[in-house]
1. Can we say Phe438 is within 30 Å of Ile8 (Cβ to Cβ) and in contact with a Leu (Cβ under 8 Å, 6 or more places away or on another chain)?
2. Collect the residues in the stretch 178-208 that are aliphatic (A, V, I, L, M) and either closer than 21 Å to Pro362 by Cα or buried (at least 19 other Cβ atoms within 10 Å of the Cβ) (or both), keeping them in residue-number order.
3. Does Pro256 qualify as being assigned by TED's automatic domain parsing to the domain that holds Tyr155 and more than 30 Å from Leu325 (Cβ to Cβ)?
4. Just the residues that are in a loop (DSSP other than H, G, I, E, B), under 17 Å from Glu437 (Cα atoms) and among the basic types (Lys, Arg), please, taken from the stretch 307-341.
5. Scan the stretch 258-275 and tell me whether some residue there is assigned to a helix (DSSP H, G or I), surrounded by 13 or more Cβ atoms within 10 Å (Cβ to Cβ) and in contact (Cβ under 8 Å) with a residue 40 or more places away in the chain.
6. Here are Asp122, Asp69, Asp101: which of them is closer than 30 Å to Val371 by Cβ, among the charged types (D, E, K, R) and at pLDDT 85 or above?
7. Regarding the stretch 119-129, can at least one residue be identified that is among the hydroxyl-bearing types (Ser, Thr, Tyr) and within 19 Å of Leu361 (Cα to Cα)?
8. List the helices (runs of 4 or more DSSP H) inside the stretch 1-102, counting only whole elements, that have at least 2 residues being in contact with a Ser or Thr (Cβ under 6 Å, 6 or more places away or on another chain).
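The values are calculated or read from the model by the stated rules, or taken from the named source; none is laboratory data. Just so we're clear, the structure is a prediction, and the values are computed from it rather than from any experiment. Neighbour counts run over all protein chains shown; Cβ positions are idealised from the backbone, glycine included.
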Amino acid sequence: MYKLKFVIKRTGAVVPFNPDRITNAIYRAAVAVGGRDKEKAEELSKQVIAVLEEKFEEGYKPHIEEIQDVVEKVLIENGHAKVAKEYILYREEAARRRQSDSMHFSKPSEFIPWAKVWRSLDWAVSHNLHTIESVNQRIRKGDFPQIVHESETAYEIQLDTAAELIKGRANDLKMVMVSGPSSSGKTTTTLKLEQRLKKMGMSFVPLVVDHYFFDLELHPKDEFGDYDFETPQALDLELINIHLKKLAAGEEVKIPFYDFKTGKRFLDRTPMQIHKNEVLLIDSLHGLYPEFSIEIPASQKFKLYLEPLLQMKQNNNEYIRWTDLRLIRRMLRDSAFRAYNPEQTLLHWHYVRSSEKRNILPYCNSADYIVNTSMPFEVPIYRPLLLSQFTEWERKYANDPLREDAYKRAARIKEMLEAIEPVADTSPIPGDSVLREFIGGSSLNYH
């Protein structure tokens, strides 16, 4: 048994001491710099615990910062300077994010595409879809099919613009990257964009980036046994760059195959080559992450960024959070197509959010074009689908300090869904809508 029994979190909450958290933190930092030695992470973790037990008396409750200070010290003393640097950088970035969150009213975030947000807000106001109450009024008047039409039209116009911009660079382009955080609508948008560009005479070769995942056993996981797939380091970035560079040069490569049932990757499986007048089409969370395509000149790639930039103010005078929309979308998709319980999605979401804040959102303004994939009509259809579950999750996790993130999200989304007028009939939503990717009934072939 350990002398340490409890730890004080930054929020002040006291939680049970769990040595797995130390091991996982060290392993994550190692993975970020290319290391994947779990045994070494466990060995270093034991050293950290030994220092802690020597430093603190029995019954003492260390603050999380005190534990992290010891982790840094042990890493450096054991000659793992690169891992220590990554660990320190992660701590500093997390501290900056917390400070930024507390100051968000006084300083605009560089993570937000402000020009696109302004245009989205202007559109919402002009269509009387900028508040929950205005949407409720239109729904009560029987306007739901019209709201669907207006929203879908705005989305299609953006895709027309993106296609024209890509076509204008066709002579130099070698690849188009469709990027954005989880459940932003990348799959549907990629298919619809491909349809447009084919009509313009462009041919595409899709590259499935999921095949570049490392073996499951090499992924970091937490004390609950939950694997972290959201980080770009879950992908073999070095091999991706080698293949992208060869493909851009017209050479043939052999794409690996990742078996999701066994969690194993098999190298050199599928031959691929880009011929004249063909362009590589890449749908990936991390398409804008610099290390993803560091070997490819900017002139050879077109970067498209997607995000549901909904501009709808709630009754509490706060705007609906885009991350909450994506959480709901992912819950519905995971439940319908991946046999993944919606509650598991809620409990995993802190990984999604942490990784996108660090590895996706900071690069959104480097995109060549941004598409707002939100649909103002999506909020009313979510109420009958998930309100009862969010109500239950709010109650279930109300007093659990280890599930504080899940509780806050559940409470916030429950309040949002309670305020919107429910719509159960989804028949006005077209079969090729981006929303069909999540609620089902799509006319598009996703395979």
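1. So Phe438 fails the test.
2. Passing the criteria: Val178, Leu191, Leu193, Leu197, Met202, Leu207.
3. Yes, satisfied.
4. Correct list: Arg338 only.
5. Checked against the condition, which is being assigned to a helix (DSSP H, G or I), surrounded by 13 or more Cβ atoms within 10 Å (Cβ to Cβ) and in contact (Cβ under 8 Å) with a residue 40 or more places away in the chain, the stretch 258-275 yields no hits at all.
6. Asp122
7. The answer is yes; a qualifying residue exists.
8. 19-32, 38-55
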